[in-house]
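See structure below.
The values are calculated or read from the model by the stated rules, or taken from the named source; none is laboratory data. What you are looking at is a predicted structure, and each value in this text was computed from that prediction instead of being measured. Here the Cβ positions follow ideal geometry from the backbone for every residue, glycine too, while neighbour counts run over all protein chains shown. The accessibility values were calculated without ligands, DNA or RNA, using every heavy atom of the protein model including side chains. Shrake-Rupley method; radii C 1.70, N 1.55, O 1.52, S 1.80 Å.
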Amino acid sequence: MTPLEQGLLALLGFAASFFSALAGGGAGLLQFPALVLLGLSFAAAVATHKVAVVALGVGSTLRHLREGGIDWQLLGLMTLLGLPGVVLGTRIALTIPDRPGEIIFGFVNIGLGLYSIFRPRLGIDSQPRNRRGRGLAIGGALVFAIGWITGLVPSGPGVFTTLLLLTWFGFDYRQAVAYTMIMVGLLWNSAGAITAGMTGPVAWHWIPALVIGGLLGGYTGAHTGLLRGNRLIKRAYETLTLLMGIALITQGVLG
């Protein structure tokens with residue numbers, strides 16, 4: 001690839017990771033469709049995106065670790081519960097037709113955004129709940145399901161995790177995004193990347209530029225969210241889910 005093409009890929013990686021780290025998901029909204037438009041097949045775009053998006057998790061995690069306040073026991077439990085679903089979902093994603101899934105998850109993403117919009121206090125204040133006993137067990141089952149979605153859907157599964165943390169576990173937006181970026185952005189995406197690298201047609205010569213952009217974008221997006229607070233993150237989440245839903249439906253209908 002030419003230096004100009006590498007620069008465009010790095011810019012793409014930065015933009016996708018910045019908005020994802022700010023809103024708690026959605027790197028695939030920009031990166032995945034762009035990879036398809038740049039000439040990769042659907043399967044190659046899925047596999048390449050799965051590998052490149054790990055950089056988002058690394059960059060954003062570095063910033064959130066500086067902030068502290070992570071319940072590592074809860075985070076570790078949720079990560080382990082979701083990992084089998086991630087691997088299973090990624091393997092399935094490389095073999096199924098894309099259009100029906102894009103349309104379905106497009107409408108689901110729009111629903112997530114509208115849910116947050118019509119609940120103006122959602123995620124503004126931390127209200128811890130369901131972190132022991134039966135509530136934690138149900139939450140664990142939901143985490144496994146979202147892990148499966150993370151592996152299956154190339155565009156936007158992080159927003160599902162963010163919403164679960166907000167509604168079921170009572171996180172505020174800053175906490176929810178921090179956990180999503182570490183759990184989904186770094187750890188689950190790493191499992192998905194290994195699975196995609198072993199079974200999918202990754203465009204490896206595209207990866208370095210996407211990774212450089214992703215590292216910088218993930219760190220900058222996380223820093224901006226922590227600096228500006230819950231209201232900005234809430235608006236970013238709502239905007240991103242609506243745009244992501246429209247983009248997925250459009251791609252599914254016209255693709």
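Across the stretch 158-171, which residue is nearest to Gly133 (Cα to Cα) among those that are open to solvent by 20 Å² or more (accessible area, probe 1.4 Å) and in contact with a Ser or Thr (Cβ under 8 Å, 6 or more places away or on another chain)? If you could, list the steps in order and put the result at the bottom.
As a first pass, look at the stretch 158-171 and keep what is open to solvent by 20 Å² or more (accessible area, probe 1.4 Å): 160, 163, 167-168.
Checking the rest, the ones that are also in contact with a Ser or Thr (Cβ under 8 Å, 6 or more places away or on another chain) come to 160, 163.
Details: Phe160: 23, Leu163: 21 Å.
Among those residues, the one meeting the criterion is Leu163.
Can you tell me how many residues within the stretch 156-175 are in a helix (DSSP H, G or I) and within 12 Å of the chain's Cα centre (by Cα)?
Of the residues in the stretch 156-175, the ones in a helix (DSSP H, G or I) are 158-167, 173-175.
Okay, now just the ones that are also within 12 Å of the chain's Cα centre (by Cα), so 158-163.
Adding up the residues that qualify gives 6.
For Leu187, are the conditions met, namely being aliphatic (A, V, I, L, M), over 17 Å from the mean Cα position of the chain (by Cα) and at negative phi? Full working, then the answer.
Details: aliphatic (A, V, I, L, M): yes; over 17 Å from the mean Cα position of the chain (by Cα): no; at negative phi: yes.
No.
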I'm trying to understand the selection: among the residues of the stretch 68-81, which are modelled with pLDDT of 85 or more and not hydroxyl-bearing (Ser, Thr, Tyr)? Ile70, Asp71, Trp72, Gln73, Leu74, Leu75, Gly76, Leu77, Met78, Leu80, Leu81
Can you go through Pro128, Pro97, Pro120 and tell me which one is assigned to a loop (DSSP other than H, G, I, E, B) and at pLDDT 90 or above? Pro128
Considering the stretch 80-90 alone, what residues qualify as being open to solvent by 10 Å² or more (accessible area, probe 1.4 Å) and within 9 Å of Val143 (Cα to Cα)? Leu81
Specify which of the listed residues (Gln6, Gln31) is closer than 12 Å to Pro208 by Cα and in contact with a helix residue (DSSP H, G or I) (Cβ under 8 Å, 6 or more places away or on another chain). Gln6
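If we keep just the residues of the stretch 2-60 that are assigned to a loop (DSSP other than H, G, I, E, B), modelled with pLDDT under 85 and under 18 Å from the mean Cα position of the chain (by Cα), which is surrounded by the most Cβ atoms within 10 Å (Cβ to Cβ)?
Our first condition is that a residue be assigned to a loop (DSSP other than H, G, I, E, B); within the stretch 2-60, this holds for 2, 24-26, 38-41, 53.
Remaining after also requiring modelled with pLDDT under 85: 2, 24-26, 38-41.
Those left that are additionally under 18 Å from the mean Cα position of the chain (by Cα): 24-26.
Values: Gly24: 34, Gly25: 32, Gly26: 29.
Checking each candidate, the answer is Gly24.
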From (1) without any contact (Cβ under 8 Å) to a residue 24 or more places away in the chain; (2) of a type in the set (Lys, Arg); (3) assigned to a loop (DSSP other than H, G, I, E, B), pick out the condition that doesn't hold for Arg134. (3)
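This table checks each residue for (1) open to solvent by less than 70 Å² (accessible area, probe 1.4 Å); (2) among the hydroxyl-bearing types (Ser, Thr, Tyr); (3) in contact (Cβ under 8 Å) with a residue 12 or more places away in the chain; (4) under 19 Å from Val51 (Cβ atoms).
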site	(1), (2), (3), (4)
Trp188	yes, no, yes, yes
Ala191	yes, no, yes, yes
Gly200	yes, no, yes, yes
His205	no, no, yes, yes
Gly214	yes, no, yes, yes
Gly221	yes, no, yes, no
Lys234	yes, no, yes, no
Leu242	yes, no, yes, no
Leu248	yes, no, yes, no
In this structure, does Gly140 turn out to be over 17 Å from Leu22 (Cβ atoms), open to solvent by less than 40 Å² (accessible area, probe 1.4 Å) and at pLDDT below 90? no
